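Trainee: One structure, pasted below without further comment.
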Amino acid sequence: MFSYGRSTAIGAVLLGVLLLACIETSAQQIPKEIAARTEIYAIPSVTISDHQFLTGDSNGKPVTVGGEFRIAQGSGRLPVVVLMHGSSGVGAGMDGWVRHFNAMGISTFVIDGFSGRGLTATGPNQALLGRLNLIVDIYHALEILAKHPRVDPERIVLMGFSRGGQATLYASLDRFNKLWNKSGVQFAAYVPFYPDCSTSYLSDTEVAARPIRIFHGTPDDYNPVASCKAYVARLAAAKRDVVLTEYPDSAHGFDAGLIGNSTVVEATGSQTVRHCTIKEGEGGVLLNAATQTPFSYKDPCVELSPHVGGNPTTALEARKAVSDFLQTLFKLG
């Protein structure tokens, strides 16, 4: 017969074992799409004109932008996808991508380049913020991630949408990296969704030796795919690792289909440069190619009210294509 003291001790041990089992069971029940930890970052950046960006002039207005880092479940140094929003800021569709990547065991870092600048959207007035500012924000975010103990600095991918897709695409330029990327690392790949490719920059076929994977829609009348196809052709001719995947019946923002959006509507009042051709001239001046004068959002080629909307079918196809690409790139088990 056990003594009272011994019975109590054994009971305590059994209780401890049961508690540990409950904790382990509870941990196993947490969906993989739920991040293990979330960290919020204040990212020091600067607001400058596109001309300043192109000439390397950082003498602008200091600003602090935001970043949300969700660390996926797992141990050690994990891969990361950095996500950059479009002209409407960080919207509902972003969370769907975040949860999907977290479920894959990939951490995510969402940049908010607007709130810290007092902006909510730039669609109706794209002149509110030079487009190249988002690249500066991206490189500053990369500095933070490169030093983080839970990040594998060799496995950080950049992904962006619309205005953020344009920033993602051109963040690959060697020249821009040399001017602005002080992190000491390179992105492992660039994944722009429906970017604006109407602007060509000097030496813009000299890009990082990393894959570029562009996803676009055929009927997109916000950022037409035609100018991206022309740029991709130039990159391919320069032997760069670039692939453009084009989806029919997919308007601008087609990945909104992932959150149930299947209606295409007119983005009333939003500006589009779909009929503009913009080129970098001497001294970092962006020129309207038709007039050879400095480009302005007041130029006649700037039009209004393009269409936006989701396509659930092609959204799922694009998500699978991105997932398969990252699975291979990151060597996920």
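Trainee: In this structure, does ARG240 turn out to be surrounded by fewer than 20 Cβ atoms within 10 Å (Cβ to Cβ), part of a helix (DSSP H, G or I), in contact with a Ser or Thr (Cβ under 8 Å, 6 or more places away or on another chain) and of a type in the set (D, E, K, R)?
Mentor: Spelling it out, it is not the case that ARG240 is surrounded by fewer than 20 Cβ atoms within 10 Å (Cβ to Cβ), part of a helix (DSSP H, G or I), in contact with a Ser or Thr (Cβ under 8 Å, 6 or more places away or on another chain) and of a type in the set (D, E, K, R).
Trainee: Another question about this same structure. Of all residues in the stretch 202-213, which are farther than 24 Å from PRO153 by Cβ and either modelled with pLDDT under 95 or surrounded by 19 or more Cβ atoms within 10 Å (Cβ to Cβ) (or both)?
Mentor: ASP204, the sole residue that qualifies.
Trainee: Follow-up question, since we're still on this one. Please count how many residues of the stretch 162-189 are under 20 Å from ASP112 (Cβ atoms) and without any contact (Cβ under 8 Å) to a residue 40 or more places away in the chain.
Mentor: 2
Trainee: If you don't mind, there's one more thing I want to ask. Check whether at least one residue in the stretch 71-84 is touching a helix residue (DSSP H, G or I) at 6+ places or on another chain (Cβ under 7 Å) and either surrounded by fewer than 16 Cβ atoms within 10 Å (Cβ to Cβ) or of a type in the set (Phe, Trp, Tyr) (or both), and report yes or no.
Mentor: Among the residues of the stretch 71-84, not one is touching a helix residue (DSSP H, G or I) at 6+ places or on another chain (Cβ under 7 Å) and either surrounded by fewer than 16 Cβ atoms within 10 Å (Cβ to Cβ) or of a type in the set (Phe, Trp, Tyr) (or both), which makes the answer no.
Trainee: Is there a residue being touching a helix residue (DSSP H, G or I) at 6+ places or on another chain (Cβ under 8 Å) and of a type in the set (Lys, Arg) anywhere in the stretch 138-159?
Mentor: The answer is yes; a qualifying residue exists.
Trainee: Sticking with this one: Hey, could you check the stretch 44-93 for residues that are without any contact (Cβ under 8 Å) to a residue 60 or more places away in the chain and of a type in the set (A, V, I, L, M, F, W, C) and say which is nearest to HIS140 (Cα to Cα)?
Mentor: VAL63
The values are calculated or read from the model by the stated rules, or taken from the named source; none is laboratory data. Quantities reported herein were computed from a predicted structural model and do not represent experimental measurements. Note that we place each Cβ from the backbone using ideal geometry, even for glycine, and neighbour counts take in every protein chain shown.
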